[in-house]
Amino acid sequence: MVVDDHPMWREGVARDLTEAGHLVVATSGEGRQAVRVAPAARPDLVVLDLQLPDISGVEVIRGLRAALPEVRVLMLSASGEQQSVLDAVKAGATGYLVKSAAPAEFLDAVRRTAAGEPVFTPGLAGLVLGEFRRLAGAGGAAATRGAASAGRHADAPRLTDRETEVLRLVAKGLSYKQIAERLGLSHRTVQNHVQNTLGKLQLHNRVELTRYAIERGLDD
């Protein structure tokens, strides 16, 4: 699903996606309309502009995630401002790409986002990881350590050694390809470990998984 208030841009993105073999199930130029249409269209991934005429892209993300918890959102925005990126990720965006990206870079970002891999314009991944670490250090880690300590008993989700190892590398910001190379695994095997871990922890995407890991100090 493509959501952008500029008709030429919206139609161009939809055309590029279609030509690359993706099925575009809906397009919209307004945020509220996108949130209304999404439950019926049931997109796996939404390419979303940050600035919309009625409500912000961040509000759209929240509405989409409330209606479709499994949906993945790739922000495609003219703004690369740090706060815009962080607000989008905190709301549930899986990736963030500026509109100056080349078509090939955009299509690669779509494929990776659809696979659950967080994708950011160069330079922004470090910003997001840094913010997660800051939040964890500001008190989130202490709170979650207490909860984790209490939950290490019967109700705590049990990860295998390999899942924990993959989770540590996710928290360090490594891509699936980099994790696969480091551990001598296939790309598919790494994806399977991440998906299994998401299921056990009842999380929705790799961004949430990264924050979970950082809050528990697994990025050391």
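The values are calculated or read from the model by the stated rules, or taken from the named source; none is laboratory data. The structure displayed is predicted, hence computed values, not measured ones. Because the Cβ atoms are built from the backbone with ideal geometry, glycine has one as well, and the counts that use them run over all protein chains shown. Note: areas computed on protein heavy atoms with side chains; ligands, DNA, RNA excluded. Shrake-Rupley method; radii C 1.70, N 1.55, O 1.52, S 1.80 Å.
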Scanning for something within 16 Å of His204 (Cβ to Cβ) and in contact with a helix residue (DSSP H, G or I) (Cβ under 8 Å, 6 or more places away or on another chain), does segment 16-26 turn up at least one residue? no
Test each condition in (1) under 17 Å from the mean Cα position of the chain (by Cα); (2) modelled with pLDDT of 85 or more for Leu185 and report the one that comes out false. (1)
Only residues that are among the hydrophobic types (A, V, I, L, M, F, W, C) and in contact with a helix residue (DSSP H, G or I) (Cβ under 9 Å, 6 or more places away or on another chain): list them for segment 1-15, please. Met1, Val2, Val3, Val13
Conditions: (1) of a type in the set (S, T, N, Q); (2) surrounded by fewer than 20 Cβ atoms within 10 Å (Cβ to Cβ); (3) over 22 Å from Thr121 (Cβ atoms). Gln51 meets all but one. Number of the miss? (3)
Whether any residue in segment 71-83 is of a type in the set (Lys, Arg) and within 9 Å of the chain's Cα centre (by Cα) is what I want to check. yes
Any chance segment 24-38 includes a residue that's over 11 Å from Val3 (Cα atoms), under 21 Å from the mean Cα position of the chain (by Cα) and surrounded by fewer than 14 Cβ atoms within 10 Å (Cβ to Cβ)? no
Single condition Leu127 does not satisfy, out of (1) at pLDDT 80 or above; (2) over 17 Å from Arg72 (Cα atoms): (1)
Among the candidates Ala104, Ala109, which residue alone is among the small types (Gly, Ala, Ser), at pLDDT 80 or above, open to solvent by 10 Å² or more (accessible area, probe 1.4 Å) and not in a loop (DSSP other than H, G, I, E, B)? Ala104
